[in-house]
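Okay, structure first, notes after.
The values are calculated or read from the model by the stated rules, or taken from the named source; none is laboratory data. Please read all numbers here as calculations on a predicted model, not as lab measurements. Positions of Cβ are backbone-derived with ideal geometry, glycine not excepted, and every protein chain shown enters the neighbour counts.
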Amino acid sequence: MENIQYWCRILGLIFDIIGIVMLFYNGLPFNPDVLDSYVEIEILESEKPKLNRQKKLSFISLFILIIGFVLQLIGSF
């Protein structure tokens, strides 16, 4: 049982590091439509696929980060 807890903590740390690095490169997910209501911006059509990709990667990185925290929590019990 101790061995499983140890590896859960290690995997949790690895997932956390991967999630943080991905968040660093992609930023937190945001909705440009909400930003548009506060600031007058115009998003080019050529930039929309890039923003969609960044948004998906941001949600994936948050999911990986949450999995890492859960694994660490499991490893501490």
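Applying the selection to the range 1-48, what residues are at pLDDT below 75 and among the hydrophobic types (A, V, I, L, M, F, W, C)? Met1, Phe30, Val34, Leu35, Val39, Ile41, Ile43, listed by residue number.
Kindly provide the set of residues from the range 40-62 that are exposed (fewer than 13 other Cβ atoms within 10 Å of the Cβ) and either basic (Lys, Arg) or touching a residue at least 40 places away in the same chain (Cβ under 8 Å) (or both), ordered by number. Passing the criteria: Lys48, Lys50, Arg53, Lys56.
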